[in-house]
1. For region B:73-84, what are the residues that are of a type outside the set (A, V, I, L, M, F, W, C) and surrounded by fewer than 16 Cβ atoms within 10 Å (Cβ to Cβ)?
2. For region A:35-42, does any single residue satisfy the condition of being in contact (Cβ under 8 Å) with a residue 12 or more places away in the chain and more than 7 Å from chain B (Cβ to nearest Cβ)?
3. For region B:241-267, name all the residues that are open to solvent by 30 Å² or more (accessible area, probe 1.4 Å), within 14 Å of chain A (Cβ to nearest Cβ) and within 26 Å of residue B:61 (Cβ to Cβ).
4. Only residues that are at pLDDT 85 or above and not in a helix (DSSP H, G or I): list them for region A:273-325, please.
5. Quick check on region A:133-155: of everything there that is surrounded by 18 or more Cβ atoms within 10 Å (Cβ to Cβ) and among the hydrophobic types (A, V, I, L, M, F, W, C), which residue is nearest to the chain's Cα centre (by Cα)?
6. Check region B:222-240 and report whether any residue there is surrounded by fewer than 18 Cβ atoms within 10 Å (Cβ to Cβ) and either under 19 Å from residue B:31 (Cα atoms) or away from chain A (no Cβ under 12 Å) (or both).
7. Condition first: open to solvent by less than 60 Å² (accessible area, probe 1.4 Å), of a type in the set (Gly, Ala, Ser) and in a loop (DSSP other than H, G, I, E, B). Now tell me which residues in region B:277-301 satisfy that.
8. Mind listing just one residue for me: the one in region A:178-194 that is surrounded by fewer than 21 Cβ atoms within 10 Å (Cβ to Cβ) and in contact with a strand residue (DSSP E or B) (Cβ under 9 Å, 6 or more places away or on another chain) and, of those, nearest to the other protein chains (Cβ to nearest Cβ)?
Amino acid sequence: MSSYLLSRLFQTVVTLFVMSVLVFVGLYMVGNPVDVLLSPMATPAERLEIIRAFGLDRPVWEQYLVFVSNALQGDLGNSFIFNQPARHLILQRLPATLELAFTALAMGLVLGIPLGIWAGLKPDSFASKSVMAFSILGFSLPTFWIGLVMIMVFSVQLGWLPASGRGDTVDLFGVPVSFLSLDGWSHLLLPAFNLALFKISLIIRLTRAGVMEVMQLDFVRFARAKGISEKRILRVHVLKNTLIPLITVIGLELGSLIAFAVVTETIFAWPGMGKLIIDAISVLDRPVILAYLMITVVMFSVINLLVDILYSIVDPRVRFEGGSR
Amino acid sequence: MRIIAAAVLAASVVFLPLTATARDLTVGLSASATSMDPHFYVVGPNSAMARNIFDGLVNQDAHQQIQPALAESWERLDDITWQFKLRTDVKFHDGSDFTADDVVASISRVPVAATNSPSSFTPYVRAISEVIVVDPHTIRIVTDGPTPLLLNNLSRIAIIPASQGETSTEEMNRGNGVIGTGPFRFVSWTPDAEIVLERNDTYWAGAPEWEKVTFRIFSNNSARVAAILSGDVDLIENIPTADTRRLEDSTSINVIKATGNRLMYLHMDQDREESPFASGPGGENPLLKPEVRRALSLSINREAIVDRVMDGQGTPSGQVVPEGYFGYDAALTVDPYDPDRAREMLAQAGYPDGFTLTFHASNDRYPNDSRVAQALGQFFSRIGVRTSVETLPGSVYFSRASALEFSFIMGGAAVETGEPSGVLGPLLETYGEQAGQGNRGRYSSPEFDGILGQARATLDDDEREMLLKKATEIAMGDLGIIPLFFLDNTWAAKGGLTYEGRSDGYTLPYYVSAE
């Protein structure tokens, strides 16, 4: 187990390194932030001074080395436009993004799995066909468009739910969260559902396929022949075998939920880190872009690790041996 | 305990009439202030937010003309010495009195706050060589030469209490020491999400109507519109052009428009014999010829662009400042749309069959910039200039434009000084160490430079205005830039709320009032 964790840690470090080089070189080639930021009234002397202050006058490899040595000490640089540590800016917003992503994931599981099982058990019924039709819509319509339609219907026309923001937050261990207050939930509902829609559809389809496949297998027939109740067959035999592929996909999808939250956050003015990165890219605020990507890579790696551990719990045949699974 | 509760109840009954009239205002902004330090970064959202919390010695009004603020009057003692009489009845949010020492501290803090600033306030204090305290309510400012724009520059410098003269930007961003004399006091700030202010009951120009103001940031256009439609906010700025007509038709929403100070213009390569993206039959740069530039300007139907592409949110222009500004010249009319004349002029200039041109523009920096660029490309094609249009994200576009990688570009410049020299200088003065830093077309006219320089050193307003008009006339005659139109500033307010639109686009709740 420990050698497995060590090799995973090594993988993460390599990923971080490759990622940082790619992003750094990419950003360097995109353009000089000073041209975007500086007012035309500034003299060349002032311009040079700012370029020096930001360290942009040094060759790219030197800038990179400075970045790496600072990063190793936990300093990801100061945002050019906020003049605040980029790490602080991002971590300040991380809870909002995570709350949105996890709520969306929970919605996906709570709605997706039962609907998927149902659709898998009674594939020919009208209700099951409706569920499948819904899932096709969830797959094919773009998130931002659905988000706007939801705002138009539920906030503007019906006036049931607020269109934007986080509402009243309650501090949970010093972290502000929305899901503990009614007002918070009213703000959370639309964006989370918007983000979850694609996942719900995906989970419905996966569960349905899994259930339909497992129901045909010999051990289910055998269990039936033994006279075990349908409920128990479903709960113990079918569900457990369906869950294995599902966990892998959900783990991967949690990562994409956090990444795709950018779109939803922008539409619903949700104060998460996705909004920050969009603004940072448009003004080439390099430290914020870099820090965001670094933190995201770390998060992805941790999630993947957790998924692997969970996997071994559900399926005891999976063992941690060296770097292989 | 019960007694206290009863007392609180009694007190609240007594104050009920007062709290019933006090109201809160929620404003949807399109961009976030990046700092609470008013001396850190010269950028629209920061300057607008600073105006809510701070005052300058003088302030700019809705048309960017100078009005007395913390200085109630001023006089010029000689060409380089200005004396300001300060208000005596002003208190800072922390309760301290406003005096001359605070002015000295504020001006000296500018270079301190410039550390790590992407665009600092130092250009505004560059000309100030000395600030002398005459008495607690009189101050003398000595400049290193005649500086007619001194008042304009001072309007940009927020006055902070002397006790905060050494406070760092980091400290202010944490919310410590954000103390001014403005209509609202600072309460809290979450970068890119929310800013909360509350009423300054002792504001020297009269307490604001709003008890508490919450600014929320909606950088996405549709989200901002949805927020006002759903009633989440009371007022939004920058209505996306596509939604203007719809909001105008809505009976529960007031749309407010004002001609803005941002000029959209075209820069053309005017100093290279061969240009990377413009070439005539012999490979030469056709943009060097003034006739060609005029032909291009005549080929543009500015009215149509404003009306169709901008949904009416613009004002066509033939010069660099909008009407009502110091230095506006009524004689400089907008070039009419005349494609026949344009073709004729092209033929006279030696291009009867036109030439090839690639036109570059940004696609995320100004409202509808890429669509305006497409429309312009079509107008040029109609007079025989084989134009292809390439639009790029601002983050890539501006560095490449500054490096002169393009031949023909579109830009937008804000007239922040309330008069023409603030645009004429950066965009049209001959490029050099101290001048023309935004002159990406490298237009150069010694005559123009001379007159502009003269205007900068002329303190007499009438004479200066005359010189500025003359300089504008020369630059527009040569078409050093082709002016297109001024972007309108727009706001949408809930029914029952009014706001006087501003040319600088600032959203200032002090001037929002309930009918």
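The values are calculated or read from the model by the stated rules, or taken from the named source; none is laboratory data. Values in this document were obtained by computation on a predicted structure and should not be read as measured data. Reconstructed Cβ throughout: ideal geometry from the backbone, glycine too, with neighbour counts over all protein chains shown. Ligands, DNA and RNA are stripped out before the accessible areas are found, and what is left, the full protein with its side chains, is counted by its heavy atoms. Shrake-Rupley method; radii C 1.70, N 1.55, O 1.52, S 1.80 Å.
1. Once the filter is applied, which keeps residues that are of a type outside the set (A, V, I, L, M, F, W, C) and surrounded by fewer than 16 Cβ atoms within 10 Å (Cβ to Cβ), region B:73-84 yields B:73, B:75, B:76, B:78, B:79, B:81.
2. Looking for residues that are in contact (Cβ under 8 Å) with a residue 12 or more places away in the chain and more than 7 Å from chain B (Cβ to nearest Cβ), one finds none in region A:35-42, hence no.
3. Of everything in region B:241-267, just one residue is open to solvent by 30 Å² or more (accessible area, probe 1.4 Å), within 14 Å of chain A (Cβ to nearest Cβ) and within 26 Å of residue B:61 (Cβ to Cβ), namely B:262.
4. Across region A:273-325, the qualifying residue is only A:285.
5. Per the criteria, the residue is A:146.
6. Among the residues of region B:222-240, not one is surrounded by fewer than 18 Cβ atoms within 10 Å (Cβ to Cβ) and either under 19 Å from residue B:31 (Cα atoms) or away from chain A (no Cβ under 12 Å) (or both), which makes the answer no.
7. Scanning region B:277-301 gives B:280, B:283, B:299.
8. A:184
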